[in-house]
Amino acid sequence: MKSVDYIEIEDRYGAHNYKPLDVVITKGQGVWLEDVDGNKYMDFLAAYSAVNQGHCHPRLVKVMKEQVERLTLTSRAFRNDQWSLLAKEVCELTGYDMLLPMNSGAEAVETAIKASRKRGYKIKGVEQDKAEIIVCDGNFHGRTITIITFSPVAQYKDGFTPLTPGFKMIPYGDANALENEINPNTVAFLVEPIQGEGGVIVPPAGFLKKSREICSKHNVLLIADEIQSGLGRTGKIFACEHENVRANIVTIGKALTGGMYPVSATLAPKEIMSVFTPGDHGSTYGGNPLGCAVAREALKVIVAEKLCERAAELGDYLMQQFKKIQSPHVDFYRGKGLWIGIVLKKEAGGARRFCEAMKQKGVLAKETHTNVIRLAPPLVITKHEIDWALERIEQVLMME
């Protein structure tokens, strides 16, 4: 079958909750993808940073094959060797005391919300049912009923009410607004160190550091959503490290298994994680041995192949090259590491047409918030491959 056949099938039988580019991928290796018609593309999205290690990394494929023949699922009714070792290795890598495994990023965020609320009631002494969590305008933390409650995008909430109470929103990057919103019922501040879905928005310098100081002063937990920004994407294991900030709770996912299997986790000190007792929270697949085995190897790949360092070096190079492109359509570029947003002028006609034109030249990226092209190639990309993509992206940015 051809791409048009698959697209027709999907449009007929699949729910229309996405608007993908019309390319039907069938193979992937490293930074390269191939569609069912035999066309090849360079991936400049990396599944929203889930494949930082590149598509089908041979080390991850090997571990997955070995583990799938040994044991795939026990549920947490029993212990398994891979979960125990993953917990140990993640905590040793990040310096946190404990880890709670889930599957999707949204589940990790839900875990953080539950942990901060329960700590607020059981340890901080907040009056029952009064706990509040502060979030930022422009955020994206997932699509569960609770999480869409504090989304700034009206579409995400339309038709899904009633929503979950207990959230306040401040402008992103405004530490003064954070302090002004804190009251005795505030249990946490949930923030993306860099807003990904919002368009790769980097906050003003010092925002995270000031937020850390404010949260510490008021006994409020700082929750860093590092699901997209973490595990190497910005040039550090965690994007918070750029300001030497340590969050009380960190959520990770996506690149935790290099795109091989859905695994997420919430990290915290023992004092916070100990609010959970048996039966409070869990997941049938959370901590499954297949996902944990792959996650263990995925983290080893990040360290062994120095993907953080690569992201920092090549990200600086990519940004420097973009700033040389004098496109009449580009307002400005922003980002950190191998995570860049090309912000287009309003009169440019929207980012979608540019992404479609890039696809025709063999580079795959995705628009967000109408006027932003977001770029996040696998961190295994080489300078030569970046130059190959740059040549084609520049041609698109210079089109009429």
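The values are calculated or read from the model by the stated rules, or taken from the named source; none is laboratory data. Just so it is clear, the model here is predicted, and its values are computed rather than measured. Don't worry about glycine lacking a Cβ; one is built from the backbone with ideal geometry, like all the others, and counts go over all protein chains shown.
Summary of computed values
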| quantity | calculated |
| --- | --- |
| Residue 379 in contact with a Pro (Cβ under 9 Å, 6 or more places away or on another chain) and within 23 Å of residue 231 (Cβ to Cβ) | no |
| Strands (runs of 3 or more DSSP E) (entirely within region 202-304) containing at least 3 residues that are buried (at least 24 other Cβ atoms within 10 Å of the Cβ) and small (Gly, Ala, Ser) | 264-268 |
| Residue match in region 56-74 (condition: in the same structural domain as residue 262 (by TED's automatic domain parsing) and among the hydroxyl-bearing types (Ser, Thr, Tyr)) | yes |
| Cβ-Cβ under 8 Å pairs, at least 6 apart or on other chains, region 321-341 side outside the structural domain of residue 380 (by TED's automatic domain parsing), far side surrounded by fewer than 14 Cβ atoms within 10 Å (Cβ to Cβ) | none |
| Sole residue being part of a loop (DSSP other than H, G, I, E, B), touching a helix residue (DSSP H, G or I) at 6+ places or on another chain (Cβ under 9 Å), aliphatic (A, V, I, L, M) and at pLDDT 95 or above, chosen from 1, 42, 64 | 1 |
| Answer from 259, 235 - the residue that is farther than 21 Å from residue 334 by Cβ and touching a residue at least 24 places away in the same chain (Cβ under 8 Å) | 259 |
| The one condition in (1) surrounded by 21 or more Cβ atoms within 10 Å (Cβ to Cβ); (2) closer than 23 Å to residue 19 by Cβ; (3) touching a residue at least 40 places away in the same chain (Cβ under 8 Å) that residue 373 fails to fulfil | (3) |
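So that you can scan it fast, the table gives a plain yes or no per residue for (1) out of contact with any helix residue (DSSP H, G or I) (no Cβ under 9 Å at 6 or more places or on another chain); (2) under 26 Å from residue 370 (Cβ atoms):
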site	(1), (2)
175	no, no
183	yes, no
188	no, no
191	no, yes
194	no, yes
199	yes, yes
210	no, no
